[in-house]
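Before any comments, here is the structure.
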Amino acid sequence: MTSVSPFHQGDCVTLVSDSHTYQVVGIDDSHNRCWVRRWPLARHGCPVFEISLQQLEGHQATTPAN
């Protein structure tokens with residue numbers, strides 16, 4: 001049975017191993033993975049990386065303002 005993540009695309013989160021803020025770019029509930037990038041974005045963008053949903057700690061349920 002697939003569980004639904006409490007996180008949503010656009011949420012700002014922190015990681016268990018890091019206090020920086022990241023933005024959720026995508027979620028794959030069936031594989032328990034997600035893609036995040038540092039927030040706020042750097043001038044030339046920020047790389048996206050894949051992590052386990054268990055690595056997400058706190059989050060703000062609102063989409064960040066530009």
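Computed from the coordinates by the stated procedures, all read-outs in this text should not be read as laboratory data. Please read all numbers here as calculations on a predicted model, not as lab measurements. Cβ sites come from the backbone with ideal geometry, for glycine too, and all protein chains shown count toward neighbours.
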Charge tally in the Cβ shell below 15 Å around residue 56, where Lys, Arg are +1 and Asp, Glu are -1, residue 56 excluded: -3
Rounded to one decimal in nm, the spacing of the 7 Å Cα→Cβ label points at residue 19 and residue 38 is 1.6 nm
Peptide ranges 26-35, 40-49 listed from the most packed, as the mean C-beta count within 10 angstrom indicates: 26-35, 40-49
First select every other residue whose beta carbon is under 12 angstrom from the beta carbon of residue 7; then total the charges, Lys and Arg +1, Asp and Glu -1. -3
With Cβ to Cβ distances under 11 Å as the rule, what net charge do the other residues near residue 46 carry (K, R +1; D, E -1)? +3
Assigning unit charges at the beta carbon (Lys, Arg +1; Asp, Glu -1) and nothing else, what dipole magnitude in debye, to the nearest 20, does the stretch 12-60 show about its Cα centre? 260 debye
Is the shape of the stretch 12-60 rounded, prolate or oblate, going by the alpha carbon gyration tensor and its root eigenvalues a ≥ b ≥ c, with a/c under 1.5 for rounded and a/b larger than b/c for prolate? oblate
